[in-house]
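The values are calculated or read from the model by the stated rules, or taken from the named source; none is laboratory data. Computed from a prediction, not measured in an experiment: that's the story for all the values here. FYI the Cβ positions are ideal-geometry reconstructions off the backbone, even for glycines, and counts take in every protein chain you see. Ligands, DNA and RNA are stripped out before the accessible areas are found, and what is left, the full protein with its side chains, is counted by its heavy atoms. Shrake-Rupley method; radii C 1.70, N 1.55, O 1.52, S 1.80 Å.
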Amino acid sequence: MQLVVARIGRAHGIKGEVTVEVRTDEPELRLGPGAVLATEPASTGPLTIETGRVHSGRLLLRFEGVRDRTGAEALRNTLLIAEVDPEELPEDPEEFYDHQLIDLDVVLADGTEIGRITEISHLPSQDLFIVERPDGSEVMIPFVEEIVTEIDLEEQRAVISPPPGLIDESEAVIASTRDASTGDASTGDEDGTEDGAGKGAE
């Protein structure tokens, strides 16, 4: 099974290094020196990692055959793909591979059905579940402990405790309308609502 483990960012320096946006919880395993990775687009790869180091909190990689900034920039936005045994599980029991989460039913603690996970979106700040509702619409749910309270692979479900407005947009609309009637106070509340929505919608 193939999994996207990183996306190549901008070139770093003049010796062929690139920044990468890590999309795996096991970068030391998937992105270590000697790893051979398929790519998207396929014509760019395969790429073999020659060296890796962390600089200012970002992982920098150099690939075999890439020796200058021009070659590094040509790789920008390329996805790095690793071959993973579908039976393999992360070492941390609290971590999951994307293929384990896709198609899980999403429910509230009382069993109310919310939808089904169709995609995992990996953002720099957090991961998002893209959930298809029974009516065909989509909702984005941050994969954080405060909201996703349980992942039960045996029952094939994810239990969530969403804040007001995350699932039912009418709750957020009602709050916004109420705040608007209070004049200046609405500005702070509306900003807070936008911040909350932004985290879920990025």
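In region 103-131, the residues that are among the acidic types (Asp, Glu) form Cβ pairs under 6 Å with partners that are open to solvent by 50 Å² or more (accessible area, probe 1.4 Å) and outside any strand (DSSP E or B), at six or more places apart or across chains, as follows: 127/143. Look at region 20-42: where a residue is within 16 Å of residue 120 (Cβ to Cβ) and open to solvent by 70 Å² or more (accessible area, probe 1.4 Å), no partner that is among the polar types (S, T, N, Q) and in a strand (DSSP E or B) sits 6+ places away or on another chain with Cβ atoms under 9 Å. Does residue 14 meet the test of being without any contact (Cβ under 8 Å) to a residue 24 or more places away in the chain and either of a type outside the set (D, E, K, R) or in contact with a strand residue (DSSP E or B) (Cβ under 7 Å, 6 or more places away or on another chain) (or both)? It is false that residue 14 is without any contact (Cβ under 8 Å) to a residue 24 or more places away in the chain and either of a type outside the set (D, E, K, R) or in contact with a strand residue (DSSP E or B) (Cβ under 7 Å, 6 or more places away or on another chain) (or both).
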